[in-house]
1. Within the range 287-295, can one find any residue that is in contact with a Cys (Cβ under 7 Å, 6 or more places away or on another chain), within 29 Å of Val174 (Cα to Cα), without any contact (Cβ under 8 Å) to a residue 60 or more places away in the chain and in a loop (DSSP other than H, G, I, E, B)?
2. Suppose we filter the range 278-304 for residues that are within 14 Å of His223 (Cα to Cα) and surrounded by fewer than 19 Cβ atoms within 10 Å (Cβ to Cβ); how many remain?
3. Can you work out which of the residues in the range 179-194 that are of a type in the set (Ser, Thr, Tyr) and closer than 14 Å to Thr93 by Cα is surrounded by the fewest Cβ atoms within 10 Å (Cβ to Cβ)?
4. Which residues, counting only those in the range 320-379, are open to solvent by 70 Å² or more (accessible area, probe 1.4 Å), under 20 Å from Asp279 (Cα atoms) and not in a loop (DSSP other than H, G, I, E, B)?
5. Which pairs do you get when a residue that is closer than 18 Å to Thr114 by Cβ, found in the range 239-256, comes within reach of a residue that is open to solvent by less than 30 Å² (accessible area, probe 1.4 Å) and among the aromatic types (Phe, Trp, Tyr), reach meaning Cβ atoms under 7 angstrom, with the pair 6+ apart or on two chains?
6. Tell me whether the range 205-215 contains one or more residues that are touching a helix residue (DSSP H, G or I) at 6+ places or on another chain (Cβ under 8 Å), surrounded by fewer than 16 Cβ atoms within 10 Å (Cβ to Cβ) and either free of Cβ contacts under 8 Å to residues at least 60 places away in the same chain or among the aromatic types (Phe, Trp, Tyr) (or both).
Amino acid sequence: MKYIFFIFFTLSLGACQLSQDNQPSNPIIELSNSLGQNSAMCQHISNDINTAAIASEKCKWLSDYGLFEQFTSAQITPRSNGIKYQLNSELFTDFAKKDRFIFLPDNTSMTYQTNEIFEFPLNSVIVKVFSLPQVDTANIIEIRLLIKRATGWIFLPYVWLEEKQDAFLYQNGVQITTSVVENEHTHPFEYHIPSHANCGECHQIKDANADIHFQPIGPKAHHLNKQIEHHGQYVNQLSLWQQQGYLTNLPDDLNLIDTAPNWKNESANLQDRAKAYLDINCAHCHNENGSAALSGLRLEYWRKSITHAHGVCNSSHGWRGGGFDIWPGRGEISSIPIRMRHTDAKDRMPPIGRSLVDEQAAQLISDWIDSMPLENCAQ
């Protein structure tokens, strides 16, 4: 198989609370001992990718799929011709470091879409690995797999076991007491590895028949259109994929792609930065067919008019704090940045997927709202 490996962290509320402390009775080890027997198809001993298991099994251990030549705290190397890739802006996950790759079956490719998720062939795998930065290193904490099967995308959350240098499947959710270092500050907190149900909350979408399906979040053209380093040279990521046979239907003129900037790039347009952040962090729920459609918020990057649909004087439906999502000229009383600064599950946005506050992002959204001409949102 040829593969691109895609890694990312997501968060969600866990049912089981553990500690990362390396103690004699490590609860993560105890949890891994309760897995039960693996299927025969998952007992992989060759040096090839386990394509049969990818197509049909939920293997107990990440290594059962044979996706990596090396997978340790120090080095992650995918098998075959896996390609590491990057996004212009990333979904916030408690300051986690993320490495990304995608795996495609042999002789297949992704199909370019203008605004939507690229079309992936059957048995594609998206692997998402998250590590929490410390003073001199970053500790792997979880790995998530998305596999496209005949019935649609499935989500498999794996808990990292440092002692085994492998990760085990646990679909009920895990809460881990840990810490992360950000900008030289150590933040103790509870990290939530999502349950299978939690994954669906963020990844669900309704089709034209109102049937619910699931899909990835990040692999869209406006997040992927960027320069990356490849064998010592800088090349366009999408053009490289086209040359390697991973992507079809790419426009001849890449300037036609409505590219979202890195929201942290202060030289970029303020509104574009804010919209890029809201797209990658919020638009998978806040769109016409997402799980938060009833909110009235439509936060996709491609929407150019900043109107009621984008939150302007839109009542904050369902939030006990009330108010309006965006009060133009009044970032300090607008619900979006207020809820970005909350940590209680009843008040924060997103309601799952994070425990900490990204103050830099919240300030960006506040500054953007402050830059709008003042309006009076009727109470």
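1. Yes, the conditions are met somewhere in the range 287-295.
2. So the answer is 1.
3. Ser179
4. First, the residues of the range 320-379 that are open to solvent by 70 Å² or more (accessible area, probe 1.4 Å): 320, 330, 332, 341, 343-344, 346, 359-360, 363, 370-371, 373-376, 378-379.
With under 20 Å from Asp279 (Cα atoms) added as a condition, the list becomes 341, 359-360, 363, 370-371.
Selection gives Glu359, Gln360, Gln363, Asp370.
5. Correct list of pairs: Leu247/Tyr112; Leu247/Trp241; Thr248/Tyr112; Asn249/Tyr112; Leu250/Tyr112.
6. no
Okay, residues lined up against (1) within 15 Å of the chain's Cα centre (by Cα); (2) among the aromatic types (Phe, Trp, Tyr):
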position: Phe120; (1), (2): no, yes
position: Asp136; (1), (2): no, no
position: Phe155; (1), (2): yes, yes
position: Lys164; (1), (2): no, no
position: Leu169; (1), (2): no, no
position: Ile193; (1), (2): yes, no
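Yes or no, residue by residue, for (1) in contact with a Leu (Cβ under 8 Å, 6 or more places away or on another chain); (2) within 25 Å of Arg298 (Cα to Cα); (3) modelled with pLDDT of 95 or more; (4) crowded, with 21+ Cβ neighbours inside 10 Å:
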{"site": "Trp241", "(1), (2), (3), (4)": "yes, no, yes, yes"}
{"site": "Asn249", "(1), (2), (3), (4)": "no, no, yes, no"}
{"site": "Asp252", "(1), (2), (3), (4)": "no, no, yes, no"}
{"site": "Pro261", "(1), (2), (3), (4)": "no, yes, yes, no"}
{"site": "Lys264", "(1), (2), (3), (4)": "no, yes, yes, no"}
{"site": "Ala268", "(1), (2), (3), (4)": "no, yes, yes, no"}
{"site": "Asp272", "(1), (2), (3), (4)": "no, yes, yes, no"}
{"site": "Ala276", "(1), (2), (3), (4)": "no, yes, yes, yes"}
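The values are calculated or read from the model by the stated rules, or taken from the named source; none is laboratory data. None of these values were measured; they are calculated from a predicted model. Positions of Cβ are generated from backbone atoms using ideal geometry, with glycine treated the same way; all protein chains shown enter the neighbour counts. The protein model used for the area step is the full one, side chains on, heavy atoms only, and it has no ligands, DNA or RNA in it. Shrake-Rupley method; radii C 1.70, N 1.55, O 1.52, S 1.80 Å.
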